[in-house]
Amino acid sequence: MNVAPPAPGKAAPTPVQQRLTQDLFTPDTRSRQTVSYFGGNGGPPFTPPPASPTPGVISTPVASTPVTQTAQVNTPAPAATVSPEVQTALDNINKYQPAAQPIGLASELQMHGSDSAEDVAFRKELMAALGPDRVAELMGRVGPLSEEMPGLARTVLSAAIEAYPVADQGKVVQGMGPEVLGAALATGVELAGSPLTFNREESVAQMQALATMMGNLSALPPGSPGQAEVTAALDRIKSGEQPSEAPGASTAAWLVANSGSDSLRASFANGYLEELKADPASLSSEEARAVAWALGSMTQSPTDGLGALADLPDAARSQFLNVLGGPDAPELEHTGAFFQEDVQAGVNEFLGDVARLNPANFSNAQAAKELRIEAFQQVSLAVDGDFFNDGAQTHLALAGMFAADTEGIVDTSANSDYDNRLYDKEGRAMAKFFDRVAFRDEGSRGLVTEALHRYLGQGTQDGLVPQLVQGQGEDGFMADGGNILARNMGFVLGALYQGSQSAMQGMDDEFARKKAMVDVMGSLVEKAIEATPGVGAAYAKIKSGTADQVSVDKVFGWLGDQFGGNVDASKDGVKALSGTIISDAWTPFFGNDALKGAIPGNLTAMFGFINGAVALADGITGDPNINIGGAAYGR
């Protein structure tokens, strides 16, 4: 294709402009109508600019037809003195046919796209010479979408952010329209999340700036230019109308999370939650995680954005948490590795907020407490699924929940009342938590064992076991809460046993099995270990994080000698040892000295409550596998 030469006195087009212009014009020199870079014809014949254009002004195109329904009046910017470089750029833009001038603008910006002081100054001067109204009018000429359009739109938007105040940025967004804006945002997020993107860090920075622009526009007075277009663009992305490898809700959540606007984040999340209240089946797992990501990105506050979930009806909140860890994870399929990391990090930040919540800061403290308990249960059950995939940050969040409210989680999980919707049947959630978070993950193990040690109360007078010892099974004590304490002790130990069996069976490395036994089961008999010469010093090194294999072997050998009669680190050996330790660790607490003066019948009843609860959570039908209070460990 041939292009007519530029008007006299004009600088010749650059090679890039020649290529773009060649693609834009038809070979028929009689009509020279634009074949739009974005598809379709560009409109009326091209009118060359005057030989001596007014400095700082792009000539007015002839009868251009904007895409937007309301035609915009093309008012030239006031004449101003500009640098020769910018004047040359303005002249070059005028060499494009009217419908193609947005491409000319983007081309000039891209050719000065570095972070150097000279290029930044050039971009600002060029955008100032055009003015926001003129740039908005240019972007309104963009026709049907094409592969190249989103990148050009991002280039112009980035320059507008650099040069204009927020209100004027809104004018450019308004001129661009929701379809172009949505495509620019969706494809930009995709590029920012892909390790294959050239200069990916620049794409990330660009998209973070565009997301911030969205947040800033949302903070302007209602009805300000650009707000409606941002909302419509997000709706298009969420609904999948903007083609992208990543699913729509997650793509929109990336933008909202990076927007810096809590109002935009809350609006995004509440839209889904209102639909959930109206129709419990409306929320997919991906959408639930998008909501969690948005809420997890909220600015730190007493409720950290969790009030919307605490205020949901119980059934709706349960449905949200149930689908949060659902089996499908489309946001991790055919998407960039960095995008996947962002999604998982965003959801894990939400889980961290749940772990840290203070029920007293919520209007409904009980609902906030139940939010944490149910999140603990549902995420524990899904922790090894496709989305959470036994991630270290997920484990830490679960460990944080358990540590923050050990008593509430155990008591609620063990309560088999008919009307307790959070009863953990057979201890499945808690057992899986111990399995994946305590036994298999050293990174979160310490937080769990410390919480368990504190809850049971070994060596203190504050925990559950010392209270039972002091009560001695006396009728009044048991009726006044001792029965519940006994049940909770049995339930947590049964779940610990069930978790140990699954973990030891699944851990193929012998040293890893030994270390897990020492860390978790050793914590149950810590006082006895510390009092044993030689072994206590080795255990201290393990607790300080400086242990070597010799120290682990020494403490594991002691556990085997004391509770197993042999040192066997096979899978079957450690499974048997874990049961014996759980059974016998309480001997000092229920020995003669501690129970002197107790009535045997009272003790029998107390042990019955404990062992009955063990049977609820140990994962085995029939007789319990571990027995507290004298009966020998079976099987």
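The values are calculated or read from the model by the stated rules, or taken from the named source; none is laboratory data. Everything numeric in this text was worked out from a predicted model, so none of it was measured. With ideal geometry, Cβ positions are generated from the backbone for all residues, glycine too; neighbour counts draw on all protein chains shown. Protein only, heavy atoms only, side chains kept; ligands, DNA and RNA dropped before computing areas. Shrake-Rupley method; radii C 1.70, N 1.55, O 1.52, S 1.80 Å.
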Note to self: I'd like to check something: does segment 157-176 contain any residue that is closer than 23 Å to residue 283 by Cβ, assigned to a loop (DSSP other than H, G, I, E, B), open to solvent by 60 Å² or more (accessible area, probe 1.4 Å) and without any contact (Cβ under 8 Å) to a residue 24 or more places away in the chain?
What the structure shows: no
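Counting only residues that are surrounded by fewer than 21 Cβ atoms within 10 Å (Cβ to Cβ) and of a type in the set (Gly, Ala, Ser), give me the helices (runs of 4 or more DSSP H) lying completely in segment 213-282 with at least 2 of them.
Where helices (runs of 4 or more DSSP H) fall fully within segment 213-282 and carry at least 2 residues being surrounded by fewer than 21 Cβ atoms within 10 Å (Cβ to Cβ) and of a type in the set (Gly, Ala, Ser), they are 227-238, 262-278.
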Check: Given the residues 469, 465, 437, 410, which is the only one that is part of a helix (DSSP H, G or I), over 18 Å from residue 496 (Cα atoms) and either among the β-branched types (Val, Ile, Thr) or modelled with pLDDT under 95 (or both)?
Finding: 469
Margin query: Out of everything in segment 309-333 that is open to solvent by 30 Å² or more (accessible area, probe 1.4 Å) and within 18 Å of the chain's Cα centre (by Cα), what residue ends up being farthest from residue 387 (Cα to Cα)?
Written below: 322
Checklist line | Where a residue in segment 305-321 is under 13 Å from residue 279 (Cα atoms) and of a type in the set (Val, Ile, Thr) and its partner, wherever it lies, is modelled with pLDDT under 95 and surrounded by 22 or more Cβ atoms within 10 Å (Cβ to Cβ), with Cβ under 9 Å and at least six apart | finding: none
Checklist line | Number of positions in segment 604-630 that are open to solvent by less than 30 Å² (accessible area, probe 1.4 Å) and at pLDDT below 75 | finding: 4
Check: Would you pick out the residues in segment 442-499 that are surrounded by fewer than 20 Cβ atoms within 10 Å (Cβ to Cβ) and among the charged types (D, E, K, R)?
Finding: 442, 450, 454, 462, 474, 475, 480
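What tally of residues in segment 67-117 results from selecting those that are small (Gly, Ala, Ser), out of contact with any helix residue (DSSP H, G or I) (no Cβ under 7 Å at 6 or more places or on another chain) and modelled with pLDDT under 90?
3
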Notebook entry, point to check: In segment 326-348, is there at least one residue being assigned to a helix (DSSP H, G or I) and farther than 30 Å from residue 213 by Cβ?
Noted result: no
Note to self: One residue is enough: does segment 99-113 have a residue meeting the conditions in contact with a strand residue (DSSP E or B) (Cβ under 7 Å, 6 or more places away or on another chain) and either buried (at least 24 other Cβ atoms within 10 Å of the Cβ) or of a type in the set (D, E, K, R) (or both)?
What the structure shows: yes
Notebook entry, point to check: Does segment 501-520 contain any residue that is part of a loop (DSSP other than H, G, I, E, B), closer than 23 Å to residue 599 by Cα, charged (D, E, K, R) and open to solvent by 30 Å² or more (accessible area, probe 1.4 Å)?
Noted result: no
Notebook entry, point to check: Looking only at segment 135-154, which residues are surrounded by fewer than 22 Cβ atoms within 10 Å (Cβ to Cβ) and either of a type in the set (S, T, N, Q) or assigned to a helix (DSSP H, G or I) (or both)?
Noted result: 146, 151
Check: Under the condition of being open to solvent by less than 20 Å² (accessible area, probe 1.4 Å) and of a type outside the set (D, E, K, R), which residue from segment 114-134 is farthest from residue 175 (Cα to Cα)?
Finding: 122
Note to self: Step by step: first the residues of segment 286-303, then only those that are in contact with a Leu (Cβ under 8 Å, 6 or more places away or on another chain) and open to solvent by less than 20 Å² (accessible area, probe 1.4 Å), then the one that is nearest to residue 364 (Cα to Cα). Which residue is that?
What the structure shows: 295
Margin query: Among the numbered criteria (1) assigned to a helix (DSSP H, G or I); (2) at pLDDT below 95; (3) of a type in the set (Asp, Glu), which one does residue 287 miss?
Written below: (2)
Margin query: Quick test for you: out of 170, 131, pick the one residue that is at positive phi and modelled with pLDDT of 95 or more.
Written below: 131
Notebook entry, point to check: Can you tell me which of 507, 489 is among the hydrophobic types (A, V, I, L, M, F, W, C) and closer than 23 Å to residue 541 by Cβ?
Noted result: 507
